[in-house]
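Beneath this line is the structure, given in structure tokens, with notes to follow.
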Amino acid sequence: MMKKPDVKVVLLGDMNVGKTSLLHRYMERRFQETVSTVGGAFYLKQLGPYNISIWDTAGREQFHGLGSMYCRSASAIIFTYDVCNLQSLQELEDRFLSLTDTASDDCIFAVVGNKVDLTDEHEAERELDREKLRRGSASKLRKQVDMEDAIALYKRILKYKLVDENHAPAADKMCFETSAKTGYNVDLLFETVFNMVIPLIVKKKANGPDDTVNLAQSHPEKKTKSGCC
């Protein structure tokens, strides 16, 4: 019998930014090439006595209308973009931010730039890149989004949600650069978000039953081996 989640965490972002790959890396400890998610899918993460559902949503335009349904009562939203694609950052504000209107009033937000391994600025890859350059096989992309851009977006998200910056987690703590391929900062991302939502779980349990969706009764697709990258 499927356990009822205590809270819901949702990944939002355009197609091909790496949402599903981030989940695969964290939950399955591996990287795999994936295809676009259709509708939505989820993992159930047990963290001590708590159960957290992590929702992977489709970034394609035709599934955009489903986003607000997946965000309903969410305790955390992870906005995901591709550090090599400035448009993917802009899409978060233009297309996805309004979907969070159905999230919980105390929802926590994170902004994540994925695919940092593809850039020529990734520290962990530099020595390997030097070797590849000697062999004539390196091919890196120019980074289009800096951390300052992500922090600025995070602050605009708080403003949109009418949240006082002084009463929200600091921007430099909730903005990340990750690589689903190498695992860079992936654990840090999810563990930071989970540590933020645990007090919300405790608060909800103290206040009695909540309206978190029971996954056993909901109709979105369960997680399969395919998903958006």
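Values quoted throughout were computed directly from the atomic coordinates according to the rules given, and no laboratory measurement underlies them. The structure presented is a predicted model; accordingly, all values stated were derived computationally and were not measured. A quick note on method: Cβ atoms are made from the backbone with ideal geometry, for glycine too, and the neighbour counts reach across all protein chains shown.
Overview of results
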| read-out | value |
| --- | --- |
| The range 13-32-the range 138-205 distance, computed between alpha-carbon centres (Å) | 16 |
| Approximate spin-label separation residue 182-residue 162, in nm, with each point projected 7 Å along Cα-to-Cβ | 4.3 |
| Rounded D (µm²/s) - the range 81-125, Kirkwood Rh over Cα pairs, Stokes-Einstein at 20 °C, 1.002 mPa s | 174 |
| Ranked by how many other beta carbons lie within 10 Å on average, peptides 9-19, 162-172 from highest | 9-19, 162-172 |
| Among the listed pairs 4/173; 4/181; 19/115; 3/205; 115/140, those beyond 22 Å (Cα-Cα) | 4/173; 4/181 |
| Difference of contour (0.36 nm per residue) and Cα-Cα distance, residue 46 to residue 152 | 34.9 nm |
| Loop trypsin sites (Lys or Arg not before Pro), the range 139-214, which have at most 10 other Cβ atoms in a 10 Å radius of their Cβ (DSSP) | 142 |
| Among 74-87, 95-108, the order from most to least packed when residues are scored by Cβ within 10 Å on average | 74-87, 95-108 |
